[in-house]
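Take a look at the structure below.
The values are calculated or read from the model by the stated rules, or taken from the named source; none is laboratory data. The shown structure was predicted, so the numbers you read here are calculated from the model rather than taken from an experiment. Counting neighbours? That spans all protein chains shown, and the Cβs are built from the backbone with ideal geometry, glycine included. Side chains are part of the model used for accessible areas, which takes the heavy atoms of the whole protein and leaves out ligands, DNA and RNA. Shrake-Rupley method; radii C 1.70, N 1.55, O 1.52, S 1.80 Å.
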Amino acid sequence: MAAAPRTRRLWRRRPLLNDYFLTARRLVEAGVRCVTLAYGRWDWHGQPHGTTFENARHHMPMLDLGLTTLVEDLHVRGLDQDVSVVVWGEFGRTPQINREAGRDHWPAVSCALLAGGGMRTGQVIGSTDRLAGQAKDRPVHFSEVFATLYRNLGIDTNRETVTDHTGRPQFLVDHNAQPMRELV
């Protein structure tokens, strides 16, 4: 299916960045089951890589445009129900700016964006205290996110196992983890 004229224009707005997103979409369209896209340098602890604010002003609009274009294009092509899009870093960031105008790793709170995959999207799940330092309402555990993504792939995490290097079966996620009820 050909992309709508608006989608074609969006892809052309940022050709270097969008080449990555467009390649990811083309791989999915060709039948690749899992595509990982690493975009940008987000580890903003401070100098010499610039301040958090400088980096955010540069990176966030480009990520927003590329991601929005990708999700819209998946929808136009009818792939949005079959493709789960995940935007997620390896750590949250401290609620305070450090002395070098950056933010450090903060495992207590993080965030993720999930789209497509037949999920009920368009909602915020969970919240933090007013300083974004601690989870407040509906903390989400990593294993819930993974259980949701495995479900989208048709894998039952309560039954499927992988064999570890000692020959013992191991569940894919914590055995009691369930897909996020808000999304499925």
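Averaged per residue, the chain has 65 square angstrom of accessible surface, using a 1.4 angstrom probe with ligands and nucleic acids left out.
By average Cβ neighbour count within 10 Å, what is the ranking of 92-101, 119-128 from highest down? Display every interim value, and only then the final one.
Working: 92-101: 15.3, 119-128: 13.1.
Answer by packing, highest mean first, reads 92-101, 119-128.
So what's the range 130-181 giving for Cα Rg divided by 2.2 N^0.38 Å, two decimals?
Working: Rg = 14.0 Å, N = 52, 2.2 N^0.38 = 9.9 Å.
The value comes to 1.42.
State the Kirkwood hydrodynamic radius of the range 62-184 in Å, one decimal place, computed from all pairs of distinct Cα atoms. Let's see the in-between values first.
Working: mean 1/r = 0.0604 Å⁻¹.
For the range 62-184, inverting the mean 1/r across all distinct Cα pairs yields 16.6 Å.
Placing dummy labels 7 Å off each Cα toward the beta-carbon, the span from Arg57 to Asn98 is 2.2 nm. The accessible surface of the chain, taken with every protein chain in place and a 1.4 Å probe, is 55 percent carbon and sulfur.
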